[in-house]
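Data first, discussion second: the structure below is written as structure tokens.
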Amino acid sequence: MHSPNKSSGYRMIGLMSGTSLDGLDICYCFFQNINSKWQYYILAAETIKYPTHLINQLKEAHNYTAEEITALDFSYGKYLGEQVKRFVSEHGIEADYIASHGHTVFHNPTQGYTLQIGKGAAIAAYSGIPCISDFRSGDVSRGGQGAPLVPIGDKMLFQEFDICLNLGGIANISYDDNFSNRVAYDICVCNMMLNHLAGLTGNEYDFNGDLGRTGQVIPGMLQELENIEYYIQPPPKSLGREWFESYIMPILNRYNAYPLTSQLRTAYEHISGRIAHDCNSLKKTTMLATGGGAKNVFLMELIKQKTELKIVIPDSKTIDYKEALIFAFLGVLYLLKEPGAIASVTGANNSSIAGCLYN
């Protein structure tokens, strides 16, 4: 790979806050287009754990009044801007732009709306760096799901893999169909369910899947999970917190008398089974697995057992920061006025440039 030539590329900071609320991912990246192929370099990255009061605010934001959400939108944007300013100072970085995913409070594209908070204007003001944010609204306004947005980065930065699988709060998949159109969608909830159940045992998450490994599959619970109608719907489709609370939580509550290790074991069986079902139907060869779930030894063992794919787990920086990296890349696409929201992925009327710029 060529060494970065800073005069001919883009110095970007990507910000990502996932549904699992495990912290803010900050990723300083450099992008170059060499011979019509994009190259990327992760030059510095870290995850900042949220303070308890902010976790509680973000967790409860969907219950806030309009005024309270507006206040949090600005205060969270200030927090993000301040964290970037500290990050830049500590690492001696010169960044051209920030690209921020924001934190999702509402996501209901079928009703024509979505909301990611973390005001771009506040991020720019407190960091001193122009910020591109609000990547989903334009696509939702064009009849799309507004998600997933990562697939354009999968296609342009990780083209050597047939399938890209992200195992975050939600498991999603991205691949090219037979006509080289990118297809992507959310398969099922992943760490959102595992972390919820692990939390009931007093753990933040199930390290290596050690708790779930000791449990027994609960047949009735597994059957109920498998029977959820979402799984037979064709893409494009996407999931969010509201779906988890409406469809998964009632099932978990019905089986809460069983040992938590067995509830976890059943969750692992369901997640790995859904992923294998969808991947095996594609008749592909190689798959890149990233996101926090790629570090879960037990989950990866189950997926490998149930699929015939060659699964590649990359270096830890790529595992941890791939989404922040790709949002930084979406910022590059915005600057180039190239579509970041792809209609074949989101189901929108047409592909569109994603994001809004705050100087």
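The values are calculated or read from the model by the stated rules, or taken from the named source; none is laboratory data. Quantities reported herein were computed from a predicted structural model and do not represent experimental measurements. Using ideal geometry, Cβ is built from the backbone for each residue, glycine included, and neighbour counts are taken over all protein chains shown. Accessible surface areas use protein heavy atoms only, side chains included; no ligands, DNA or RNA. Shrake-Rupley method; radii C 1.70, N 1.55, O 1.52, S 1.80 Å.
Please count how many residues of the stretch 247-261 are of a type outside the set (Gly, Ala, Ser), outside any helix (DSSP H, G or I) and out of contact with any helix residue (DSSP H, G or I) (no Cβ under 7 Å at 6 or more places or on another chain).
First, pick out the residues of the stretch 247-261 that are of a type outside the set (Gly, Ala, Ser): 247-256, 258-261.
Checking which are outside any helix (DSSP H, G or I) leaves us with 255-256, 258-259.
Next, from what is left, pick out any that are out of contact with any helix residue (DSSP H, G or I) (no Cβ under 7 Å at 6 or more places or on another chain): 256, 258-259.
Qualifying residue count for the region: 3.
Each residue in the stretch 59-103 was checked for being aliphatic (A, V, I, L, M), surrounded by fewer than 21 Cβ atoms within 10 Å (Cβ to Cβ) and at pLDDT 95 or above, and 5 of them qualify. Restricting the stretch 23-53 to residues that are open to solvent by less than 40 Å² (accessible area, probe 1.4 Å), without any contact (Cβ under 8 Å) to a residue 40 or more places away in the chain and in contact with a Leu (Cβ under 9 Å, 6 or more places away or on another chain), the residue that is farthest from Lys85 (Cα to Cα) is Gln39. Considering the conditions (1) open to solvent by 60 Å² or more (accessible area, probe 1.4 Å); (2) assigned to a strand (DSSP E or B); (3) among the aromatic types (Phe, Trp, Tyr), Tyr126 is excluded by exactly one of them, (2). Of all the residues in the stretch 247-267, those that are surrounded by 16 or more Cβ atoms within 10 Å (Cβ to Cβ), among the polar types (S, T, N, Q) and farther than 15 Å from Pro219 by Cβ number 1. Candidates in the stretch 306-354 are the residues that are part of a loop (DSSP other than H, G, I, E, B) and charged (D, E, K, R); of these, the one that is farthest from Met156 (Cα to Cα) is Glu308.
For the stretch 53-73, a residue qualifies if it is over 21 Å from Ala121 (Cα atoms) and touching a strand residue (DSSP E or B) at 6+ places or on another chain (Cβ under 7 Å), and exactly one does: His62.
Comparison of Asp154, Asp176 shows that the only residue that is acidic (Asp, Glu) and either open to solvent by 50 Å² or more (accessible area, probe 1.4 Å) or in contact (Cβ under 8 Å) with a residue 60 or more places away in the chain (or both) is Asp154. Total residues in the stretch 181-216 satisfying the condition of being in contact with a Ser or Thr (Cβ under 6 Å, 6 or more places away or on another chain), open to solvent by 10 Å² or more (accessible area, probe 1.4 Å) and touching a residue at least 60 places away in the same chain (Cβ under 8 Å): the figure is 5. Of the numbered criteria (1) open to solvent by less than 60 Å² (accessible area, probe 1.4 Å); (2) out of contact with any strand residue (DSSP E or B) (no Cβ under 7 Å at 6 or more places or on another chain), the one Phe244 fails is (2).
Just to verify a result, which residue in the stretch 104-123, among those that are assigned to a strand (DSSP E or B) and exposed (fewer than 15 other Cβ atoms within 10 Å of the Cβ), is modelled with the lowest pLDDT? So the residue we want is Asn108. Of the listed requirements (1) more than 25 Å from His62 (Cα to Cα); (2) assigned to a loop (DSSP other than H, G, I, E, B), Gly273 misses just one: (2).
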